[in-house]
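Novice: Below is the structure I would like to discuss, written out as structure tokens.
Please treat every number below as a calculation from the coordinates, not as lab data. The shown structure was predicted, so the numbers you read here are calculated from the model rather than taken from an experiment. Ideal geometry is used to build each Cβ from the backbone, glycine not excepted, and the neighbour counts take in all protein chains shown.
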Amino acid sequence: FKIGGRMTRKVKIGNIYVGGGQSVKVQSMCTVKTSRVDEVCEQIAALEDAGCEIIRVSVLDEEDAAAITAVKSRINIPLVADIHFSAKLAVAAIEAGCDKVRINPGNIGGEDKVKLVADCIRAHGIPVRVGANTGSIERQYLEKYGVSERSLVESALHSVAMLEKYGINNIVISVKASSVPLTVRSYRLLSRRTGYPLHIGVTEAGTYRAALVKSSVALGALLLDGIGDTMRVSITGDPVREIGAARDILRAVGLEKDFADVISCPTCGRCQWDSSGLAEEVSALVQNCRKPLKIAVMGCVVNGPGEAAEADIGIAGSKDYCVIFKKGKLLRRVPAAEARTEFLKEIKDLTDG
Ligand code: SF4
């Protein structure tokens, strides 16, 4: 298979593009009420620093809609307004300058209201995300197909058709479930049915550890299939953690390459030095490195250098000495007591140079 092989329509959101072969964009959502502008901007700044590329805020009332103008003037990434049940608020958010809206045409208040919002979206030239999750499947599809990939996809495509009818074609689609198999099946089916870019994610994924595992499995499977143009790792709690998790998933599937990958063995009875401690230290040291590097910390000189032969720099130890190697070739042998300092110096040269 070919990673990223699926070509979708290119959609512009603020100053970036999604779909059409662009890199997969990482997004998150603010947990603060949008009208609390200072707190929202503070949270967005932290998310931006962590590598967030698109941010969504919820619009619950007029104050939230009005706050969009102020928030937008203070952030650098595209701002998406999430509105449900109110065409009036959707229009207010668009007029306040959001870069994209997330709506559900099925709950916006009928055909006239869909047209009103669609006209406003078109007039402002912004894109829109629609979609379904297991809690918002249209009744007609729920009755026909139950909670399944079929009902999720039909429901999402029904929302798409409701907007296409009014000339909207800058659309991003999502079909989220909290079940990993259902999420994967739904996006695979959806990707065969549409050329619009897809926003992928597992909904209500849970607290940190569960969310990490569910999102890694589901988004990993989809990204390896070339499915997904924007992604969110939903984690209950501080959204900044979502960004690190999303970046790690992109790295694991090979879609993000500019980082230092620390390879370390699990150690076994052959290990006679503190390779685990050094592996942790090295990982912390290079976590902000944006160079494509492979660094190995291996437990023993017997198997370490061979197993980590592709590393740009590596170390493997024994009771009395360690070997430092580059691309599988021995660089030098150092006494155990000096190994840590010597190796960290080599890494600093590589990452700084
Ligand atoms: Fe064990 Fe050596 Fe393999 Fe590490 S590299 S797991 S210490 S055999």
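Novice: Could I have the simple spin-label model distance between THR69 and GLN272, label points 7 Å from Cα toward Cβ, reported in nm to one decimal?
Specialist: Inter-label distance under the simple model: 7.3 nm.
Novice: Now a separate question. Whole-Hz ³J(HN,Hα) for each residue in region 181-196, computed from phi via Karplus 6.51 cos²θ - 1.76 cosθ + 1.60 with θ = phi - 60°, x for glycine and proline: what do you get?
Specialist: Using θ = phi - 60°, the values come out as x, 5, 4, 5, 4, 5, 5, 5, 5, 4, 5, 7, 9, 8, x, 6 Hz.
Novice: Determine, for ASP229, ASP99, ASP349, ASP248, the number of other Cβ atoms within 10 Å of each Cβ, and report the residues in order from fewest to most.
Specialist: Details: ASP229 26, ASP99 22, ASP349 10, ASP248 16.
The order, fewest Cβ neighbours first, is ASP349, ASP248, ASP99, ASP229.
Novice: Tell me, what is the FRET efficiency for ASN76 and VAL147 to the nearest 0.05, using R0 = 41 angstrom and their Cβ-Cβ distance as r?
Specialist: Details: r = 39 Å, r/R0 = 0.95.
The value I calculate is 0.55.
Novice: Considering the options GLY269, GLY228, ILE243, tell which one lies farthest towards the positive end of the dipole of region 217-274, charges being +1 on Lys and Arg and -1 on Asp and Glu at the Cβ, about the Cα centre.
Specialist: Going by the Cα projections, it comes out as GLY269.
Novice: Do you know the relative contact order of region 74-206, to the nearest whole percent, from alpha carbon pairs under 8 angstrom that are 6+ apart?
Specialist: Working: 215 pairs, mean separation 27.0, N = 133.
In percent, rounded to a whole number, it is 20.
Novice: Can you give me the angle between helix 336-352 and the longest principal axis of the chain, using Cα atoms only, in degrees from 0 to 90, rounded to the nearest 10?
Specialist: Once rounded, one gets 40 degrees.
Novice: Could you list which residues have their amide H under 5 Å from that of CYS322, counting only those 5 or more apart in sequence or on another chain, with H placed in the peptide plane?
Specialist: Here VAL334, ALA336 satisfy the definition.
Novice: Test of understanding: what is the full-extension gain from ARG290 to ARG188, defined as 0.36 nm times their sequence separation minus their Cα-Cα distance? Don't skip to the answer; put the middle values down first.
Specialist: Values: separation 102, 0.36 × 102 = 36.72 nm, distance 3.19 nm.
Using 0.36 nm per residue and subtracting the Cα-Cα distance, I get 33.5 nm.
Novice: Among TYR141, TYR196, TYR166, which comes first, second and so on when ranked by fewest other beta-carbon atoms within 10 Å? Don't jump to the answer; show the numbers that get you there.
Specialist: On the way: TYR141 21, TYR196 25, TYR166 16.
In order of increasing Cβ crowding within 10 Å: TYR166, TYR141, TYR196.
Novice: Still on this structure, I have one more. Considering only Cα-Cα distances, which of the following residue pairs are longer than 18 Å: LYS257/LYS291; LYS33/LYS115; LYS10/LYS100; LYS72/LYS100?
Specialist: Numbers: LYS257/LYS291 8 Å; LYS33/LYS115 28 Å; LYS10/LYS100 14 Å; LYS72/LYS100 12 Å.
Distance filter (> 18 Å) returns LYS33/LYS115.
Novice: Let me ask another. Relative contact order of the chain: what whole-number percent is it, with Cα pairs under 8 angstrom and at least 6 residues apart?
Specialist: On the way: 737 pairs, mean separation 45.6, N = 353.
Relative CO of the chain lands at 13 percent.
Novice: So in the chain, what percent of DSSP beta bridges are antiparallel if you round to the nearest 5? List each step's numbers first, then the result.
Specialist: Working: 13 of 47 bridges.
Antiparallel bridges make up about 30 percent of those DSSP assigns within the chain.
Novice: I would also like to ask the following. Could I have the simple spin-label model distance between ASP38 and ASP352, label points 7 Å from Cα toward Cβ, reported in nm to one decimal?
Specialist: 4.0 nm
Novice: How far apart, in nanometres, would the label points at ASN15 and HIS84 be if each is projected 7 angstrom from Cα along the Cα-to-Cβ direction?
Specialist: The two pseudo-label positions are separated by 3.2 nm.
Novice: Let me ask something else. Can you figure out the FRET efficiency of ARG333 with ASP248, using R₀ = 35 Å and their beta-carbon distance, to the nearest 0.05? Kindly include the intermediate steps, with their values, before the conclusion.
Specialist: Numbers: r = 34 Å, r/R0 = 0.97.
After rounding, the FRET efficiency stands at 0.55.
Novice: Order by neighbour count: THR203, THR69, fewest other Cβ atoms within 10 Å first, most last.
Specialist: Numbers: THR203 19, THR69 14.
Lowest to highest Cβ neighbour count: THR69, THR203.
Novice: Now a separate question. Considering only DSSP beta bridges where both residues belong to region 276-353, give the percentage that are antiparallel (nearest 5).
Specialist: Once the DSSP bridges in region 276-353 are tallied, antiparallel ones form about 70 percent.
Novice: Using amide H atoms built in the peptide plane, which far-off residues or other-chain residues are under 5 Å from GLY131 H to H?
Specialist: Amide H to amide H, under 5 Å and 5 or more residues apart or across chains, GLY131 pairs with SER174.
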